[in-house]
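Enquirer: The structure follows.
Rule-based calculations on the coordinates, nothing more; no lab input. Bear in mind the structure is a predicted one, so any value in this text is a computation, not a measurement. Cβ: placed from backbone, ideal geometry, glycine included. Neighbour counts: every protein chain shown.
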Amino acid sequence: MDRRAKVIAIGAVALVLVMFFAVLLSDLFRRTKAPSQESSNTLLPTRYVEKQEGFEGQISPTPIGGGETDVDKTQVFTADELQRLSKFQKKLPYRSEDFDIGYSSLLNKYFIQTKTAQADMKIEAFMKQNTIADIYHNRVGLFVVGEKPIYEQIKQAEVEFSKNQ
């Protein structure tokens, strides 16, 4: 009986170890599976302020806390737009004589400091060169333009964002 008890005990331990490794491996395989992309559109939450200006009610972006209303919005970006923005973001921060561009990952926004009178024209050329001019013009609130240094703009917007959370 003593020998039979040892065989049963060893078998039970072996069974427990096999089950442990099976669970561990199944969990590992579950984590490494790449998520399937069912849609070409991806939601990217953004936060911005709308400010009505002009006779035609044009909407222009303003820094958080600098507008009349503070509205949370969710913008839908195509896969192509996300790819172009990702490529553009790798070039940041960007500095030139006419303007600087930075990015806040907390706010998912780009901040631009204008330094000269021809900054708008130079920014437009830079956006075209980086193939994101359409995004720059059509995605209200994604790009915040101001005269303060970008680090000050980002810091101020992030502090305002943190206060409102």
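Enquirer: May I ask which of Lys91/Lys155; Lys91/Lys148; Lys128/Lys155 have a Cα-Cα span longer than 25 Å here?
Expert: On the way: Lys91/Lys155 20 Å; Lys91/Lys148 21 Å; Lys128/Lys155 28 Å.
In this structure, Lys128/Lys155 lie more than 25 Å apart at Cα.
Enquirer: Restricting to DSSP loop positions (anything but H, G, I, E, B) with no more than 13 other Cβ atoms inside 10 Å of their own Cβ, which trypsin sites (Lys or Arg not before Pro) remain in the stretch 84-131?
Expert: On the way: sites: Arg84, Lys87, Lys90, Lys91, Arg95, Lys109, Lys115, Lys122, Lys128; in loops: Lys90, Lys91, Lys115.
Counting only loop positions with at most 13 other Cβ atoms within 10 Å, the trypsin sites (Lys or Arg not before Pro) in the stretch 84-131 are Lys90, Lys91.
Enquirer: Now, a different point. Calculate the FRET efficiency for Tyr151 and Ala117 from the Cβ-Cβ distance with a Förster distance of 22 Å, rounded to the nearest 0.05.
Expert: Values: r = 23 Å, r/R0 = 1.03.
The pair Tyr151/Ala117 has a calculated efficiency of 0.45.
Enquirer: Between Ala133 and Ser105, how high is the FRET efficiency from 1/(1 + (r/R0)^6) when r is the Cβ-Cβ distance and R₀ = 25 Å? Nearest 0.05.
Expert: Values: r = 23 Å, r/R0 = 0.91.
Result of the calculation: an efficiency of 0.65.
Enquirer: Just subtract the alpha-carbon distance of Phe20 and Gln165 from 0.36 nm times their residue separation and send over the number in nm, one decimal. Don't skip to the answer; put the middle values down first.
Expert: On the way: separation 145, 0.36 × 145 = 52.20 nm, distance 4.27 nm.
This chain segment gains 47.9 nm when fully extended.
Enquirer: Can you list which of the GluC sites (Glu not before Pro) found in the stretch 112-160 are DSSP loop residues with at most 15 other C-beta atoms within 10 Å?
Expert: Numbers: sites: Glu124, Glu147, Glu152, Glu158, Glu160; in loops: Glu147.
Passing sites in the stretch 112-160 are Glu147.
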